[in-house]
Structure formats: structure tokens, C-alpha cells
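I have a structure here, written as C-alpha cells, and I will follow up with some questions on it.
The values are calculated or read from the model by the stated rules, or taken from the named source; none is laboratory data. Quantities reported herein were computed from a predicted structural model and do not represent experimental measurements. Counting neighbours? That spans all protein chains shown, and the Cβs are built from the backbone with ideal geometry, glycine included.
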Amino acid sequence: MQVNEKKEFEPVIVAFCCNWCSYAGADLSGTNRLNYPTNVKIIRVPCSCRVNPMFILRAFQRGADGVIICGCHPGDCHYTSGNYFARRRMTLLFSMLDFIGIERDRTRVEWVSAAEGAKFAATMNEFTEAVKKLGPNRRLEDLRCRKQS
Amino acid sequence: MQRIGVFVCHCGTNIAATVDVKAVAETLKNESGVVFSTDYQYMCSESGQNIIKDAIKEHKLTGVVVCSCSPRMHEATFRKAVASVGLNPYMLEVANLREQCSWIHKDIATATEKAVILGRAAIAKVHLNAPLTAGESPVVKRALVIGGGIAGIQTALDIADAGFDVDIIEKEPTIGGKMAQIDKTFPTLDCAACILTPKMVEAAQNEKIHIHSFSEVADVKGFVGNFTVTIKKKARFVDETKCTGCGLCTEKCPMKKVPNEFNMNLDNRTAVYIPFAQAVPKVARIDPNYCLMLKNGKCGVCSKVCSVGAIDYKQQDKFIEERYGAIVVATGFNPIKLDKYDEFAYSLSPDVVTSLELERLMNAAGPNGGTLLRPSDKTHPHTIVFVQCVGSRCDDSKGKPYCSKICCMYTAKHAMLIREKYPDTEVYVFYIDVRTPGKNFDEFYRRAVEEYGVHYVKGMVGKVTPRTDGKLAVQASDLLSNEQLHIDADMVVLAAAIEPDKTARPLATMLTTQMDTNDFFTEAHPKLRPVESATAGIFLSGACQGPKDIPETVAQASAAAAKAIGLLCKNSITCNPCVAHSDELMCNGCSSCEKVCPYGAITYIDKEFRMPDRTTAIRRVASVNPAVCQGCGACTVACPSGAMDLNGFSNSQIMAEVDAICK
């Protein structure tokens, strides 16, 4: 029998970034060559308020271990009020997720402006670490969706 | 089923160095729907674009995925390329392999793995893309310039020269801004007023330019080409149309002890005043905080002496609404408040002044008529110490982290002017570094040292202590000789850091433009689009975008004007087709979407539906105005029945991306 090599757990992290601030902030951290883990994959949305709670549930169902939503700082939304909607919706959703056993640390809302490349990288490093500590998401994952390996 | 082509860009070595581009292209070939996959050195180059175009024709592609740099960079380029061969431009997606993969990762294996996943997500999305056609919306041929300093004036003049109407909104009673307060300008030492005031007059006399002085922006609605701005014309208690600027009221006003903000509060003005002799518009204003009539209802001298009856004590703030195609922000800067810098005794001694105060003290139109005298006892100063970087390049929360850029040069100017006019005055300049990049700037600084004998000392001033004999004891360190210096100074001049004007932050919120952490406006691209904000139709001019000297400000002002003119020249602009739309069959008319829409783009219409039993029924359903919708997607999430969806970022598209990433 082969000895199982103990591989470090590599979480799957989905980041929703608004086009105007956070996606640009993510680009800036790239331009500045600031590293963050490959675990983070970014989905571009026009505004943080475009993030439907369904997307987050879907991510957890499909095996994501953490979901982070990034938008413009309060008051700076390109669409005036989008990030306020996102903030309210996510507050409700996260407390519901917490209630059904998805730890608070697996979900996060962060405000990153287009000029905050360093903050984006730091946030992603920190968030990945936090999710790593929690281990894989087992609560909502639908094993039928899991990749055959 | 879509026929998708995948094009992986090397970006020279920018992507190829950390991502195995050939492997990415090979792996993505096996994705469902992908009929063609290739890699090339520079996809954005003409030959790269030709590869895409040829493949679309040859393989009858219905969808294109380009794995390259950020879509913020080249999405438009590739969209244009695919449109040129007849494919709908919105059938293209860009996977961001450079900014969000190769540049942030070092390990080739994991970066390649991530690149494949990002490619898969884009492919999954393209599968669900639908062709979109952009509508058009008309452009209002009028521009608004917010701020009437040199930046705003130059922008307005250039736009007016091109034949468009332009309004200037200035919050002070006169245009001119900070440059009007400056005495001489570096590096030529010509007088600021001599070059600024003709421009102010030119702006006032240009029939295309309309100046709203003593006004503020109260509200901004709309979008590029079609902004509706509410202007608050603050009550100045003087009828602008009647006042001739004769100044009789200011002579007769009994309230003569009002700090004169134009002279940095170094002398006094009257309660009814004209800020300075060359003010534009030359119209008086009554300061309601000091006017005896407005405060106590007793006086009325000014209204008695005014021969044209311009004084109106009952004037109220007035709100007017105007429509504009383009908006240029030129809100400028202010020196920071120095109340946190007790070590320099700024609040303790009147002889410790900021550079802008010194500017007024030396100005012929200033409080001393151009003779440099100590503010405390009006004697001639024999030793003057300049302190650089007060609040600039500061690590702590007291100051600003950035370099204010203009201080090294204006300090050299001040030192030179003082030494020239008063050769018996010793001038010391304490600096961290002397930064003089710019045409003829370093020569200018060297002249100050070599020809005028200004003592430049590398080091910081630790403490300034006012002594009882009126002198200021300056304690400083000379870092080069490693000595402690004690100088008995008559005056200390602090080069205070500059910060964006306080009105900029609320304005940015109204304009939905972005700012950095220091409240400077963020440009759309730091190198390639320096005068545009990320919000279409909003342009940046002058120091609101970052510290700048006058030549740079004027250059940027003209650049912003050119961009605004480019927009105003168009009769109509293409709208963003990525807007919301409602599925009428699913909509139950609940109004949830209407409530969250920040643009009022959603209305309700009564529509006739054929029911399964062949009868007709009238139902209330949501309808989105695509010309007004900006595509934020707030309504799509608010909709409880899932009827509302967003073109280009539909629920199913984002879900497909989520699936591809999590798989």
C-alpha cells in the first residue's frame, strides 16, 4: 500500500469583486507584484450589489471553502448605493449561514478601493489563512458535484 | 452549442514566465464547445488580433475567450477586433491571466493550474453569452467645470475656445483660487497676478463661459453625456446683476474687524467686501457672520450708500438646475492645518507662519504692501528659518504620507526673493531632501544656494520656542555634520503639506467617482488615462488628482478640456448594453426592483397577457429604461421571483463561473 503523503489543505476561495474599485484594486496588486495565494479566484461583477446570495450558496454547494465579496468603500460606490445593499444583504446572509453551520470566517465582505492594491493582497492572504485554519467546507458541499479524481 | 475559440497571450514574458501558456491552450482545447485554441506572443498586437479574426472566420466561431491581461486593459480592443469580422462584440470574454495570475504568483505549476481554471470560468461564461446591441443616447453640448482656480479657468477657456458652452462653479465669491494669493511664481519669478488675472478676465468676458461664483454643487444625477446638476447659489446678500463693484459699501461699512481670509487672516476686512481688487466677478458679498444688519437688524449703511440698490438683506440660497454633457473636476488643494504641530509653535507665535501666509506678507497687495515685516511687531526680520516637509512624507497620522511636491521649489523661491530684497537677512532652509525635478527647477534651486547664499541644512527642526525678547529659538540638527544647531530666528516659515479641498470627498460621492485614501481623485489609468476618472464623462483637472505645480496644472487642465471636447463633439454616445431587463412572464409587479434602483430606471406598465385558458388578463410588470439603467444589478438581487436579470452578467453566467472555479 502506498503511504499517503499528507498534503496541505488548499482551500478553494471565490472572490466577487466589483468592477470599479475592488477588481481594479486586484489589478493594482498584480501591477505592483504583490503576492497572494493561487487559491483565490476572482469573478468580476459590475457592483457588489450584483452578488446574489444564490451565488454564494452555489459556491459552497460546489465545494468552495470560502467566499469573499469586495466592493467600493461605503460612500464611494460607482452606482451611489450598491455597496450599502450588498452590506445589508450579506449581513443577513452571513448570519443565516452561521446559523446553519458555515463558520463566519468562511465569508467576508471587504471594501477595497481601486488604489488599494496592497490592501487587496493583504486581505486575500489573511482570508486564505483563516479559511485554511477552518479546513474544508463540509456543511453545504454537494458531493455529487465533486470532481472525480 | 457555441463554437468557442480560446486565445492565450504570452504578453511577452509577462504571462509566459509564470504560466505555461502552451499547456493552458492545450488543456482548454478539451473543454466542451472549444473548437480552436492557440497561443501567441502578443494577442493585442495587430498580428495577434488577426489570429483571432482569421480563426473566427475559419472555424465559424460564435464565442471568443482571450486569456490575457485585465479586461480593464484590453477588453475594448478585442471587442473591436471580433466586431470587425462580424461577431457580436459581447460574445467575447477575457480571462485575466496577467494582473490576477502571472504577476502575483511565482510557482509555475500552481499558476498554470489557476490560469486553466480562470480560462474555464471564461469559457463557461461565454457559453451563456448572448449577442447584445448597444443603444445610443444624445450628448448635451455643455460642460461644467467645478472649481475656478487656474485649473478650472484653463479648462473652461479651452472648452469655450472649441465652441462649447461651459459653466464654472466656484465656492468662493471670486474665481482665481490659490494662484491669486501667490506673489511670484517659480522658476521664472514672474508675478502670479500678472499672468492669472488676464485669464480671469478672459474667462469672465468669454460669452461661452458662465461663472457661478459663490456657488456649490448640490446634486448630480444622470450619466455621461446627460448629467443634471443642481447648483446651489449661496446667498451673498448682494444682487450680482446690479452690483458694479464700485467698492463704496466696503469703504463705509462700520464693521471693519473681520479676519481677511484672502490675506490668510493676517489683516482685516469689512463685513461687506470684495475679496481682492481684481476679483472676478467684481461683486461684493456680505458676510452674515459679521454684518450688523444681518445679525442685529441695525445698520444698513451699505444699502444706503449703494447707488444701484444692489444690497438685498433678504436674499436666500437659490437652487438652479442645469444639464451638462461632461463634468470637469478642478477642486484643487489647501495647505493642511498645523494645529497638531506644536513643536513649531505655530499657534503660539504670530511670527511662525506658513508659506502661503508668507506669500501674502510679501505680496504688494498683501497686509504690509509688499514689505516683509514680522507680524508680531512689524519689524524687519534679520534671520528667517524655513522648515520643509511639515506634514509631508509623514509616517504617522499627524501628516500626509505623500510628498507635496511644490514645497521645495516655492521655498527656494521665497529664500531667493528675501535674499534679493533684503541682503542683510540670513535665510536657513531645513530639508529632508531637496526635490527639484522639472524644467529649469534644479538650476533655480542651485541659484538660491550658489548665487543668493541661502543656507541649506539637511536635517529637521526639532523645536521652535518663542522667547520673551520676541526671538524664536530654533533647535535643529544638521545631519551632515551631525551637530546640534541653535538659531535665534525672527521668523519661522513652515512648508505645510497640501491636501485636497474638503469639498472634494462629498463631491466624489455625488459624482460616483473614486478617490484614494488621501482623498485625491483616482484617475482611470495612472499612466495612460491620467485626466479621466473611471466614471465616464467626469474628467480631472489640477491638484484634485494629486499635488501639482502651476505648469503641470495648466497642462492637465488643457488635457482634461481636450477630453471633454472630444466627448462634446459627438452627437450621441454608445450606451452600455449590459443593462437589466425583466422577464415579463415571471414578474409579479411587486416593486422590489424599483425601490433599489439608484437611477429610477424602472417603471411599471400594465401589460396584456394571454392566459392558458385563452382569456386575456392585464398585469402590472416592471419595465427597464435601457437608456437610464447603468447596469449595477441591484434590482436583479432584489427581485424575489428571479424575473430581473442583467445582460452580460446574468445569474446563469455568474453561476457558471462559480461552478467552473469550484469544480
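So, in the stretch B:102-114, of the ones that are facing another protein chain (nearest Cβ under 8 Å) and hydrophobic (A, V, I, L, M, F, W, C), which residue ends up farthest from A:Ser22 (Cα to Cα)?
B:Ala111
Would you please list the contacts, defined by Cβ atoms under 6 Å and residues six or more apart or on different chains, that run from a residue in the stretch B:427-442 that is closer than 9 Å to B:Tyr456 by Cα to a residue that is charged (D, E, K, R) and crowded, with 18+ Cβ neighbours inside 10 Å?
B:Val427/B:Arg419
For the stretch B:79-120, enumerate the residues that are of a type in the set (Gly, Ala, Ser) and crowded, with 24+ Cβ neighbours inside 10 Å. Before the answer, list the steps.
In the first step, residues of the stretch B:79-120 are kept if they are of a type in the set (Gly, Ala, Ser); the result is B:81, B:83-84, B:86, B:95, B:102, B:109, B:111, B:115, B:119.
Correct list: B:Ala81, B:Ala95, B:Ser102, B:Ala115, B:Gly119.
Can you find even one residue in the stretch B:608-625 that is in contact with a Lys or Arg (Cβ under 8 Å, 6 or more places away or on another chain), surrounded by 21 or more Cβ atoms within 10 Å (Cβ to Cβ) and of a type in the set (S, T, N, Q)?
no
While we're on this one: Are there strands (runs of 3 or more DSSP E) fully within the stretch B:399-489 with at least 1 residues that are of a type in the set (Gly, Ala, Ser) and more than 37 Å from the chain's Cα centre (by Cα)? List them.
Because the criterion is at least 1 residues that are of a type in the set (Gly, Ala, Ser) and more than 37 Å from the chain's Cα centre (by Cα), the strands (runs of 3 or more DSSP E) in the stretch B:399-489 that meet it are B:472-478, B:483-489.
Now for a different question. Is it the case that the stretch A:104-111 has a residue that's closer than 24 Å to A:Trp20 by Cα and in contact with a His (Cβ under 8 Å, 6 or more places away or on another chain)?
Within the stretch A:104-111, the first condition is being closer than 24 Å to A:Trp20 by Cα, and the residues that meet it are A:107-111.
Checking which are in contact with a His (Cβ under 8 Å, 6 or more places away or on another chain) leaves us with A:111.
Checked against the condition, which is being closer than 24 Å to A:Trp20 by Cα and in contact with a His (Cβ under 8 Å, 6 or more places away or on another chain), the stretch A:104-111 yields at least one hit.
Is it the case, given these coordinates, that B:Glu99 is free of Cβ contacts under 8 Å to residues at least 24 places away in the same chain and either closer than 18 Å to B:Phe7 by Cα or more than 35 Å from the chain's Cα centre (by Cα) (or both)?
Answer is no for this residue.
Any residue in the stretch A:33-46 that is more than 7 Å from chain B (Cβ to nearest Cβ) sitting within a Cβ distance under 6 Å of a residue that is outside any strand (DSSP E or B) and of a type in the set (Val, Ile, Thr)? List the pairs, counting only those 6 or more apart or interchain.
From the stretch A:33-46, the pairs are A:Pro37/A:Thr128; A:Asn39/A:Thr128.
Within the stretch B:273-282, can one find any residue that is assigned by TED's automatic domain parsing to the domain that holds B:Asp377 and of a type in the set (S, T, N, Q)?
Checked the stretch B:273-282: no residue is assigned by TED's automatic domain parsing to the domain that holds B:Asp377 and of a type in the set (S, T, N, Q).
I'd like to verify a number: residues in the stretch A:72-99 that are out of contact with any strand residue (DSSP E or B) (no Cβ under 6 Å at 6 or more places or on another chain), under 18 Å from B:Cys593 (Cα atoms) and polar (S, T, N, Q), how many?
Of the residues in that region, 2 qualify.
Give, as residue ranges, the strands (runs of 3 or more DSSP E) completely inside the stretch B:497-546 that count at least 2 residues that are crowded, with 23+ Cβ neighbours inside 10 Å.
Details: elements: B:498-500, B:523-525, B:529-533, B:538-540.
Per the criteria, B:498-500, B:529-533, B:538-540.
Got a number for residues in the stretch B:429-461 being touching a helix residue (DSSP H, G or I) at 6+ places or on another chain (Cβ under 9 Å) and surrounded by 14 or more Cβ atoms within 10 Å (Cβ to Cβ)?
Here the count works out to 17.
Any chance the stretch B:79-101 includes a residue that's over 20 Å from B:Lys29 (Cα atoms), part of a helix (DSSP H, G or I), within 12 Å of chain A (Cβ to nearest Cβ) and out of contact with any helix residue (DSSP H, G or I) (no Cβ under 8 Å at 6 or more places or on another chain)?
no
Does any residue of the stretch B:365-378 turn out to be crowded, with 23+ Cβ neighbours inside 10 Å and at negative phi?
Yes: one or more hits.
Could you tell me which numbered condition A:Ala59 fails, if it satisfies all but one of (1) surrounded by fewer than 24 Cβ atoms within 10 Å (Cβ to Cβ); (2) facing another protein chain (nearest Cβ under 8 Å); (3) modelled with pLDDT of 95 or more?
Unmet for A:Ala59, out of (1) surrounded by fewer than 24 Cβ atoms within 10 Å (Cβ to Cβ); (2) facing another protein chain (nearest Cβ under 8 Å); (3) modelled with pLDDT of 95 or more: (1).
Provide a single number: the residues in the stretch B:41-66 that are surrounded by fewer than 21 Cβ atoms within 10 Å (Cβ to Cβ) and not in a helix (DSSP H, G or I).
Here the count works out to 6.
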